[in-house]
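One structure is given below, encoded as structure tokens.
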Amino acid sequence: MIMQKVKEKEAMNVPEIHDQHEVMTQHIPVLLQEVLAGLRCERKGVYLDCTVGCGGHSAAILAQHPENRVLAMDRDTAVLQIAAQRLAPYKERVMLFHQRFEQVEQILAPDERIDGILLDLGVSSLQLEDAQRGFSFQKPGRLDMRMNQENEHAKRTTTAYDVVNTYPLEQLTEIFFRYGEERFSKRIARMIVEARTATPLETTTQLAELASRAVPKRFQVQGIHPATRIFQAIRIEVNGELQRLGETLELMIARLRPGGRCCVISFHSLEDRIVKQTYVKLAKGCQCPPDFPVCMCGIQPSLKILTKKPILPSEEEKNRNPRSRSAKLRIAEKIEYGNFDEKS
């Protein structure tokens, strides 16, 4: 049942969302056909959508076979509300969980196996469109960027406002360089610190305008706002997006049945690098030092990499959905049972 397994201790105090139908109809899942083909969703199976967002990918997976089932997760209760509405026609074939994807072990039974995993690491359409969430520099809104705003714990978490107005120069510089790969990290950080001494930076547009002034015109890329990398870096810092990505991906892949597929869509090089390295590690198996003459660890390969290079959106998709332009899809297949019983 939809929403059946949402934590009882965390009531879904979801804010009212206007124009839900508009959000659902305008939401375009990224690399949809490539994901469906990669997961082989035409086969009956149980699929894990770790970042369900507005439910576009999950709806397509469920439509591929009349007996497909989806376990769908998201940390954002606002998008879960939309996903629940969008996926309602599938009734008992879908279950939604208010969880971060790092908490995947909490929604699966100890012996539960799945046939496919989808991890879409992008920001949802709803989060970008709602100016008050603070994810977009195209509309004025308070600097927030938290993906989960609706429970008591979230009220105590760091926001983009806190990062911009309280982090010291050195820390801002490090965040912008590491998470945004911004060449003008120190220059932008210094301008932020100077600006906030007079008055705190309150809105997304204030921060975006400052970044525009900080990046020299000759280094600004046409079609890409100078604040793009800074907003990305702050969002990653606020939500801890990279902290357990590789570790969690390994846990998810361990739950795949033999022949099960894992599809990960990333949107910047840091995420893609972690996904690639995790796939390579599991496909290699042995973790012994290179100078060991024979393997002593006994770790066997558990994954077959199906995409030597990531799948990118077509020009047609990028024109239809500009938000897909930086998407990269990597696909891998489980090839052994690990610690699980073959009969399970």
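First measure r as the distance between the Cβ atoms of residue 220 and residue 250, then evaluate 1/(1 + (r/R0)^6) with R0 = 56 Å and state the FRET efficiency to the nearest 0.05. Walk me through the numbers before you get to the answer.
On the way: r = 39 Å, r/R0 = 0.70.
Efficiency computed from Cβ-Cβ geometry: 0.90.
Would you please give the FRET efficiency between residue 92 and residue 33, computed as 1/(1 + (r/R0)^6) with r the Cβ-Cβ distance and R0 = 41 Å, to the nearest 0.05? Present the calculation step by step, with values, prior to reporting the outcome.
Values: r = 27 Å, r/R0 = 0.65.
The value I calculate is 0.95.
Can you work out ³J(HN,Hα) from phi for every residue in region 87-103, in order, using Karplus 6.51 cos²θ - 1.76 cosθ + 1.60 and θ = phi - 60°, giving whole Hz and x for Gly and Pro?
8, 3, x, 8, 6, 5, 7, 9, 10, 10, 10, 7, 8, 6, 5, 5, 9
Full extension from residue 128 to residue 316: what is 0.36 nm times the residue separation minus their Cα-Cα distance, to one decimal in nm?
On the way: separation 188, 0.36 × 188 = 67.68 nm, distance 2.20 nm.
Separation in residues times 0.36 nm, less the Cα-Cα distance, equals 65.5 nm.
Please report the antiparallel percentage of the DSSP beta bridges confined to the chain, to the nearest 5.
40
Please go through the residue pairs 139/318; 139/308; 44/308; 91/139 and name each one whose alpha carbons sit more than 29 Å apart in this structure.
Exceeds cut-off: 139/308; 91/139.
For labels at residue 42 and residue 300 in the simple 7 Å Cα→Cβ model, what's the distance in nm?
Distance between the two pseudo-spin positions: 3.1 nm.
Going by average Cβ density within 10 Å per residue, which order do the peptides 111-123, 191-203 take, highest to lowest? Each step should come with its number before you reach the end.
Values: 111-123: 20.8, 191-203: 14.2.
So the peptides 111-123, 191-203, ranked by packing, come out 111-123, 191-203.
Counting other C-beta atoms within 10 Å, which of 34, 247, 129 has the fewest, and how do the rest follow?
Values: 34 20, 247 11, 129 17.
Final ranking by Cβ density, sparse to dense: 247, 129, 34.
At 222 nm, what helix-only mean residue ellipticity would the chain give, in deg cm²/dmol to the nearest 500, using -39500 (n - 2.57) for each DSSP H run of four or more? Write down the numbers at each step before the final one.
Numbers: 13 runs with 128 residues, N = 344.
Rounded to the nearest 500, it is -11000 deg cm²/dmol.
Relative contact order of the chain, please, whole-number percent, based on alpha carbon pairs below 8 angstrom and at least 6 residues apart. The partial results should precede the final answer.
On the way: 583 pairs, mean separation 57.7, N = 344.
Contact order relative to length: 17 percent.
Computed from the coordinates by the stated procedures, all read-outs in this text should not be read as laboratory data. Keep in mind the model is a prediction, meaning the values are calculated, not measured. Backbone-built Cβ (ideal geometry, glycine too); neighbour counts: all protein chains shown.
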